[in-house]
Amino acid sequence: MPTILTYLFDPLCGWCYGASPVIQKLGQQSNLTLELAPTGLFAGSNGRTMDAAFAEYAWTNDVRIEQLTGQRFTEEYRAQVLGKHGSRFDSETVTLALTAVSMTEPQRELEALKVLQEARYVYAQDITATGVVEKLLRDMGLVAAAVRLATGDAELRQATDARIRRAQHLLQTYGITGVPNMVVTKGGESRLLRGDALFGDIESLLDVLEK
């Protein structure tokens, strides 16, 4: 019976981007099944408008994340994304995009998450904008997902809402509010793996998962 890892995250969460190297490696393990569970933490009504205070708060966190994980947060991102005051900090569009990938080419959803995160934090692209995310999907060859995102069909929104509800139920079950976190299911039993474990080396994490 495989070990199932349910990854609780939000695509606009800097700490989740920091965990990306470990998450990508977990997705390559043949004895593990990695499931992406977007929580909607910053989606829709949970989003906010970017202002100077929030931008500075975000950048302070981002500097810490880069020091801890080595993940890049560029000055272009600081100036063009965080510096775009009045813009929306809202993960709804990119969460819809990931669901669209999961519905069309599910084996590439983890890859899409990496590309979309890097588009924001490294290349300073606005992944809250549907047109930007649609083009990124098309550039990856994920045309069916791009079309679904562009049309915003009811089935895509229903599937996205269902994923978010499931993820939020897990957050409530384990009494947590933040991301990243992970639920490990093995032999019919589930336990919470705290997000801190996702910032270390993959070998130590795999040892923990085998126990």
Can you give the direction-averaged projected area of the convex hull of the alpha-carbon atoms in segment 91-211, in nm²? 8.7 nm²
Work out the charge dipole of segment 75-144 with +1 on the Cβ of Lys and Arg and -1 on the Cβ of Asp and Glu about the Cα centre, then indicate which of V133, Y77, A100 is farthest towards its positive end. Y77
Quick one: what Rg and Dmax do you get for segment 153-211 from the alpha carbons, in Å? 14.2, 43
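Taking only the C-alpha atoms, wrap a convex hull around segment 1-72 and report its volume per residue in Å³ as a whole number.
On the way: hull volume 6.1 nm³, N = 72.
It is 84 Å³ per residue.
Over 21 Å between Cα atoms: which of K114/K135; K25/K114; K25/K135; K25/K211 fall into that group?
Long pairs (Cα-Cα over 21 Å): K25/K135.
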If we restrict to alpha carbons, what Rg and Dmax does segment 66-162 come to, in Å? 13.7, 41
On each of the three principal axes of the Cα atoms of the chain, give max minus min coordinate, whole Å, ordered largest first. 47, 39, 31
Order the peptides 44-53, 152-161, 124-133 from the highest to the lowest mean number of other Cβ atoms within 10 Å of their residues. 124-133, 152-161, 44-53
Where a label projected 7 Å from the Cα of L68 along Cα→Cβ would reach, residues of segment 1-20 with amide N under 20 Å: 6-20
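For K84 and T60, calculate 0.36 nm times their separation in residues minus their Cα-Cα distance, and state this gained length in nm to one decimal. Let's see the in-between values first.
Numbers: separation 24, 0.36 × 24 = 8.64 nm, distance 1.65 nm.
So the chain would gain 7.0 nm between K84 and T60.
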From zero outward in steps of 10 Å, how is the percent of C-alpha pairs of segment 92-131 spread across the bins? 33, 55, 12
Rounded FRET efficiency, nearest 0.05, which uses the C-beta distance separating E111 from E203 and R0 of 30 Å: 0.85
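Every number here is computed from the coordinates shown, using simple stated rules; none is lab data. Keep in mind the model is a prediction, meaning the values are calculated, not measured. Glycine also receives a Cβ, built like all others from the backbone with ideal geometry; neighbour counts cover every protein chain displayed.
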